[in-house]
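*Asks:* Supplied in structure tokens, the structure appears directly below.
Read-outs throughout are calculated quantities, based only on the coordinates presented, and are distinct from any laboratory measurement. Predicted model, so just to flag it, every value in this text is computed and none were measured. FYI the Cβ positions are ideal-geometry reconstructions off the backbone, even for glycines, and counts take in every protein chain you see.
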Amino acid sequence: MTTDAETRTATAETRTATVATVGERHLLLDPGMDLTLRPMRYPHFFDRFKEAIKNTWTVEEVDLHSDLADLAKLSPAERHLVSRLVAFFATGDTIVANNLVLNLYQHVNSPEGRLYLSRQLFEEAVHVQFYLNLLDTYVPEEKERFAAFAAVENIPSIARKAEFCFRWIDSIFELRELRTRADRRAFLLNLICFAACIEGLFFYGAFAYVYFLRSRGLLNGLASGTNWVFRDESMHMAFAFDVVETARAEEPDLFDADLEQQVREMMAEAVDCEVQFAEDLLEQGVSGLSLTDMREYLQHVADRRLVTLGIAPMYGSQNPFAFMELQDVQELSNFFERRVSAYQMGVSGSVTFDDDF
Amino acid sequence: MTTTRERATNGSAGETTATRKGATNGSAGAEQQQQRRQVMEVRKRNGDSEPVDVNKIVRAVERWVADLNEVDPLRVATKTISGLYDGATTAELDRLSIQTAAELIGEEPQYSKLAARLLAAYVDKEVRGQQVASFSQSIRYAHGLGLISDDTAAFVSRNARKLDDAVDPAGDLRFEYFGLRTVADRYLLRHPQSRLVVESPQYWLLRVACGLSGTPAEAIGFYRLMSSLAYLPSSPTLFNSGTRHTQMSSCFLVDSPRDELDSIYQRYHQVAKLSKFSGGIGIAWSRVRGRGALIRGTNGRSNGIVPFLKTLDAGVAAVNQGGRRKGAACVYLEPWHPDIEEFLELRDNTGEDARRTHNLNLANWLPDEFMRRVEADGDWSLIDPSDAPELPDLYGAEFDAAYRVAEKQAVRTVKAQDLYGRMMRTLAQTGNGWMTFKDRSNALSNQTGEPGNTIHLSNLCTEILEVNNDAETAVCNLGSVNLGAHVSTDGVDWAKLRETVRTAMVFLDRVIDINYYPAEQAAASNPRWRPVGLGLMGLQDALFTLRLPFDSAEARELSTRVQEEIFLTAVETSAGLAERFGPHPAYAETRAARGDLHPELWGAEPTQPKRWAELKARVAEHGLRNSLLVAIAPTATIASIAGCYECIEPQVSNLFKRETMSGEFLQVNTYLVGELKARGLWTAPIRDEIKRAEGSVQGIAELPAEVRTLFRTAWELPQRALIDLAAARAPYIDQSQSLNLFLAAPTIGKLSSMYLYAWKSGLKTTYYLRSRPATRIQQATVAVTPSSVTGVDAEALACSLENPESCEACQ
């Protein structure tokens, strides 16, 4: 195994100089700047890019009107929850975008993969704009608003999550090229961290709070925007796992018990981070959202991420939140209520009169 | 890059403390949790605390489960406690137990009834907490708060005992949870300051009945009909009957402003006033000149209609319908208007936001000439209304002639198919830009008997077609029969259906006189024409009960037969009202006065010729009390209250959720659940399978083919069948029907074929195009599997025929 990997790394090195040569076979994580889209090596990445475009939405479509009235109705405990939550959102997507630019884009050596990442970067920017708009609306008082944006520094439960993210951004920050097996494993850990732990757990945790509130008919504006964010994040995560699986298929020896163990440890730390965030959010007691249930939910989500990666689940926890089950069910909004978010952007074809319908 | 480094380092430094603090929090939290486990307490309404008692919750649940054999009270109780925190109030506990029961609906639909009953008990407690123990007390109390009209208060006070006795204590047992939640959150009257509800659900329905009745017997009869959920009037009537603002109409059809500034701003004012009291608005805009047209007064050029519609958009958003729902309007434009292309982009979510109207709905008001040129691949002229101001008032041959003359001054000429293609794209991308047909709508209307009376548009939901003009805004009030409540496995109960229609018609007609008209233009039109719109809901329930697939010939026959019965009975009732009170004042201008009833305009062959012949004779003698009688509205909210499927729609999914201002609600097809249970197939794996298939059962191999056929969803039905069903019942609908069409993945080709077919079938209007999201959120609760490798051999895949879009390498 080691021999294979070393050989491959060696080959990769010699190839670096000529990597843009048309048609030459190289691996996904081989260093370089492949520019060739034909023949297409990873059409599934390109399909994901096209799918993502169909999901285009803009911040202006989200109506936050009714949220303001709802905010006034919230109990102090719920208001605390919401203020912490939006403070997390204020910086969460920016962190993800930074890792994308600083690490992922550099090392996923596939032009179609980079197309997807470019699209993802745009989506992260829209999310940042959405939460910016949200905070500006929710927190009209300037001082309080600035404090919310500085959450990574002054709110311990958020700072801890941020530290976790920064540590993983830094873990491969010095790497200019993935030359050795160790480099590639470090990269995969970063990728898995952002997909499974940050987008896949931190964001999924945050979404649970939003959907809890929505299931009570509260903060529909936040929920409808978050719904679109959630849809995008689901795709980001799926793409990242697709990259992981592709790399694994190309270089099976990158994966072993040791790597699995590192993923497990990383995931356990992520769950800890998110549980202490939950303790902060729920400290005043929110009826229908107990800390016990939240912990169970986070463990359940973590298990799902592990299973997706082909790793045995760690917790064996069940999802306690019926309102999350609602998220798996197709929606039917009528126009008197909220905007229908289900329409597609890209529509093809031309006028004919004999198509089947 | 350096910045990031620093940032990261700062983050780490700050974090060390954070971690420590977090860890401390963590262990303290765990200890607290331990303690909570032991001494969890709730605060009672009187301020005392007491330990949470699981048995007490179990007993509260058990009160309501006599007829619900699948409900487990202990499960509700323990799950409720698991979500509770120490120090919660008993009101929170009650609300949580309702929510907990509701969350079990996906597993067992009977929990819907349980949740509804717990909610009814909660509401009842709230009402009684204000010293209201009877219907008449609730009216007196609400009258004192300024909510109830003097007339209704006096009527109730005079007949207090009879009315109090009429309240059906079992009435609330009929509600499903989503329906009652909607009622409780949005329909029941609330105290202006405390926001507590001041009437129970049954008091509410009786109040609605009293607001429209002259005698207690009448009120009680109407109340019983509504309480049985076999018929419900539309939301504005349910909101406002008996109150101080008796605006009970659903729809307003406002003619286009004249091509001048004053008229445009008057329209904004009118729309705001109409919106305020829960009316949906259709407004035409075809008379206003397009971009670039000369403005003589200033010798400048017009900016066209888009900036004006942007203003309308803001106005509609600003007016909230009494806090109960947002204002809503649909703008109609004819396709010869020079701004038609920009109009079609108003709902796009990209582009300059100053040219986007996120709150307006859009509809195309299409003359046949346009569709003919689309079919013939001809040219289409765009004409400025300032050059041909007569076009909006003409239809049929007269329009064709005037249009051809006006083409000589066309602003621009486009290919008809190009414009049609853009319409299709708008439909696919926004669901909006509804296709409605001007000529058919006018030619087959009872109101257009006299030249000069023209229908200029439809309404917000494309089921109302009424004449209007600059000074008269058309108005319609609606109600819908729940067909599901008139059908058993033996078939339709025709006698009951007739009885329901008779009662419904009398009270729809009654609204016209009692109604408060928020704008003078509306008050000018409604008493003259007295139109009403009796609709239908629960067609899908009836078809499930009778086990008829939606696209079967039997389903088409049943739907047509039902519609004939409803229309025939409605016309009979209106004729009866005319015998007592005289025909509506504009009767002489109608086609009925010329001897033509709607099925004859359509050239239909009724199944009850004898009854029709007798009816014609009666109409010839006494006329009709109402110029229009039947319209099939979408019934989004009232179908929820009645617990049936919406209007004439097929089910959208066997499992879906509703998002409303009240929250999210899971809806399960109970007919399917019954079927699966009978076959021992209502199991967790099958439920997961249905969820994974987004509510489809087509992949469940254990189900026989004919069962799967029955339980297809709207996405799985041929849309041709929906159009055929609509066209078959159309002769018995003198207004129109809100016909949604469903294509999971629309293409321009499919859409252009489908809408041409709809036009050729003779439909007057169509409504939304429904499509599915391009991709979905990763499901959070169904079982996952390790992600499969899709890119094992990139080379092989790149050439795969299964990936045609990525397979251009070899072409």
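*Asks:* Is it possible to state the helix-based mean residue ellipticity at 222 nm for chain A, with each DSSP H run of 4+ residues giving -39500 (n - 2.57), the sum divided by total residues, to the nearest 500 deg cm²/dmol? What is it? Display every interim value, and only then the final one.
*Replies:* Working: 14 runs with 219 residues, N = 357.
Using -39500 (n - 2.57) per qualifying helix, the result is -20500 deg cm²/dmol.
*Asks:* Which of B:ALA284, B:LEU114, B:LEU294 sits closest to the plus end of the dipole of chain B, meaning its Cα is farthest towards the positive end, when Lys and Arg get +1 and Asp and Glu get -1 on the C-beta?
*Replies:* Highest projection toward the positive end goes to B:LEU114.
*Asks:* Also, I was wondering about something else. Which value, in debye to the nearest 20, gives the size of the charge dipole of the protein assembly as shown about its Cα centre, when Lys and Arg are +1 and Asp and Glu are -1 at the Cβ? Provide the component values of the computation, followed by the final result.
*Replies:* Working: 124 positive and 155 negative charges, 552 e Å.
Computed charge dipole of the protein assembly as shown: roughly 2660 debye.
*Asks:* Here's a follow-up. If each of B:THR78 and B:SER134 carries a label point 7 Å out from its Cα toward its Cβ, how far apart are those two points in nm?
*Replies:* About 4.6 nm, to one decimal.
*Asks:* With r defined as the distance between the Cβ atoms of B:ARG158 and A:PHE146 and R0 fixed at 45 Å, what FRET efficiency is calculated, to the nearest 0.05? Walk me through the numbers on the way to the answer.
*Replies:* Working: r = 63 Å, r/R0 = 1.41.
Efficiency, rounded to the nearest 0.05: 0.10.
*Asks:* Order of A:VAL243, A:VAL101 from fewest to most other C-beta atoms within 10 Å?
*Replies:* Going from least to most buried by this count: A:VAL101, A:VAL243.
*Asks:* Taking every residue in B:630-643, how many Cβ atoms of other protein chains lie within 10 Å of its Cβ, on average?
*Replies:* Numbers: counts 0, 0, 0, 0, 3, 1, 6, 3, 0, 0, 1, 0, 0, 0.
Counting other chains' Cβ atoms within 10 Å and averaging over B:630-643 gives 1.
*Asks:* Could you please report the charge total around B:SER227, scoring K, R as +1 and D, E as -1 over all other residues with beta-carbon less than 13 angstrom from its beta-carbon? The partial results should precede the final answer.
*Replies:* Working: positive: B:ARG174, B:ARG207, B:ARG224; negative: B:ASP168, B:ASP172.
Net of charged neighbours comes to +1.
*Asks:* A further question on this structure: For region B:97-212, what are Rg and Dmax over the alpha carbons, in angstrom?
*Replies:* Here Rg and the maximum Cα pair distance are 14.8, 48 Å.
*Asks:* Quick one: compute the contact order of chain B, relative version, from alpha carbon pairs under 8 angstrom and 6+ residues apart, as a percent. Present the calculation step by step, with values, prior to reporting the outcome.
*Replies:* Numbers: 1420 pairs, mean separation 88.7, N = 811.
Rounded, it is 11 percent for chain B.
*Asks:* Moving on. Once a ≥ b ≥ c are taken as the square roots of the eigenvalues of the Cα gyration tensor of region B:379-435, is the result rounded (a/c under 1.5), prolate (a/b larger than b/c) or oblate (a/b not larger than b/c)?
*Replies:* Working: a/c = 2.37, a/b = 1.78, b/c = 1.33.
Verdict is prolate for region B:379-435.
*Asks:* Where both residues lie in the protein assembly as shown, what percent of DSSP beta bridges are antiparallel, nearest 5?
*Replies:* About 50 percent, rounded to the nearest 5.
*Asks:* Another question, then. HN-Hα J couplings of region B:447-463 from phi, Karplus 6.51/-1.76/1.60, θ = phi - 60°, integer Hz, Gly and Pro as x?
*Replies:* These are the phi-based 3J(HN,Hα) values: 7, 9, x, 9, x, x, 8, 10, 8, 9, 5, 9, 9, 4, 10, 6, 10 Hz.
*Asks:* Sticking with this structure for a sec: Given the convex hull over the Cα atoms of region B:453-591, what projected area results after averaging over all orientations, in nm²?
*Replies:* Working: hull surface 38.4 nm².
Hull-based average projected area comes out at 9.6 nm².
*Asks:* Separate question: Taking R0 as 22 Å, what FRET efficiency do you get between B:ARG296 and B:ASP262 from their Cβ-Cβ distance, rounded to the nearest 0.05?
*Replies:* Details: r = 15 Å, r/R0 = 0.69.
Computed FRET efficiency for B:ARG296 and B:ASP262: 0.90.
*Asks:* Among A:MET33, A:GLY349, A:PRO313, pick out the residue whose Cα is farthest towards the positive end of the charge dipole of chain A, where Lys and Arg carry +1 and Asp and Glu carry -1 on C-beta, about the Cα centre.
*Replies:* In chain A, that residue is A:MET33.
*Asks:* Could you give the size of the charge dipole of region B:389-530 about its Cα centre, using +1 on the Cβ of each K and R and -1 on the Cβ of each D and E, expressed in debye and rounded to the nearest 20?
*Replies:* The dipole of region B:389-530 has a size of about 440 debye.
*Asks:* On to the next question. How large is the dipole of region A:146-293 about the Cα centre if only Lys and Arg carry +1 and Asp and Glu carry -1, each at its Cβ, rounded to the nearest 20 debye? Let's see the in-between values first.
*Replies:* On the way: 13 positive and 25 negative charges, 91 e Å.
Using Cβ point charges on Lys, Arg, Asp and Glu, region A:146-293 gives about 440 debye.
*Asks:* Write down Rg/Rh for the protein assembly as shown, rounded to two decimals, with Rg from the C-alpha atoms and Rh from the Kirkwood relation over Cα pairs.
*Replies:* Details: Rg = 31.5 Å, Rh = 32.1 Å.
Taking Rh as the inverse mean 1/r over Cα pairs, Rg/Rh reads 0.98.
*Asks:* Give me the one-decimal nm value for the distance between modelled label points at A:THR352 and B:ALA402, 7 Å along each residue's Cα-to-Cβ direction.
*Replies:* 3.9
*Asks:* Still on this structure: Share of Cα-Cα pairs in region B:401-514 beyond 23 Å, in percent? Show your work: numbers first, answer last.
*Replies:* Working: 3769 of 6441 pairs.
When all Cα pairs of region B:401-514 are counted, 59 percent exceed 23 Å.
*Asks:* Using a Cα-Cα cut-off of under 25 Å, which lysines could be cross-linked to B:LYS44, ignoring same-chain neighbours fewer than 8 residues away?
*Replies:* Excluding near neighbours in sequence, the set is A:LYS73, B:LYS56, B:LYS79, B:LYS125.
*Asks:* Pick out, from B:PRO585, B:THR545, B:THR560, the residue whose Cα sits farthest towards the positive end of the charge dipole of region B:512-598, with +1 on the Cβ of Lys and Arg and -1 on the Cβ of Asp and Glu.
*Replies:* It is B:PRO585, whose Cα lies furthest towards the positive end.
*Asks:* Beyond 38 Å, what share of the Cα-Cα pairs of chain B remains, rounded to the nearest whole percent? Walk me through the intermediate numbers first.
*Replies:* Values: 155298 of 328455 pairs.
Taking all Cα-Cα pairs of chain B, the fraction more than 38 Å apart is 47 percent.
*Asks:* Sticking with this one: Return the single residue from A:GLN261, A:GLN299, A:GLN276 with maximal mean-square fluctuation; model: Gaussian network over chain A, springs between Cα atoms under 10 Å.
*Replies:* Taking springs between Cα atoms under 10 Å, the residue moving most is A:GLN261.
*Asks:* Enter the mean number of other protein chain beta carbons within 10 Å of the beta carbon of each residue in A:34-43, as an integer.
*Replies:* Values: counts 0, 0, 0, 3, 4, 9, 10, 6, 6, 13.
Averaged over the peptide's residues, the number is 5.
*Asks:* Straight-line reach from A:LYS161: which lysines have a Cα under 21 Å away, not including same-chain ones fewer than 8 places off?
*Replies:* Filter leaves B:LYS21.
*Asks:* Moving on to the next point. Run a plain Debye calculation on region B:549-602 (Cα atoms as equal point scatterers, no solvent) and give log10 I(q)/I(0) at q = 0.13, 0.20 Å⁻¹, rounded to two decimals, same order as the q list.
*Replies:* Debye intensities relative to I(0), on a log10 scale: -0.46, -0.81.
*Asks:* Now for a separate question. Which ³J(HN,Hα) values, rounded to whole Hz and listed in residue order, are derived for region B:132-138 from phi using the Karplus coefficients 6.51, -1.76 and 1.60 in 6.51 cos²θ - 1.76 cosθ + 1.60 with θ = phi - 60°, glycine and proline given as x?
*Replies:* 3J(HN,Hα) across region B:132-138, in whole Hz: 10, 10, 8, 4, 5, 5, 5.
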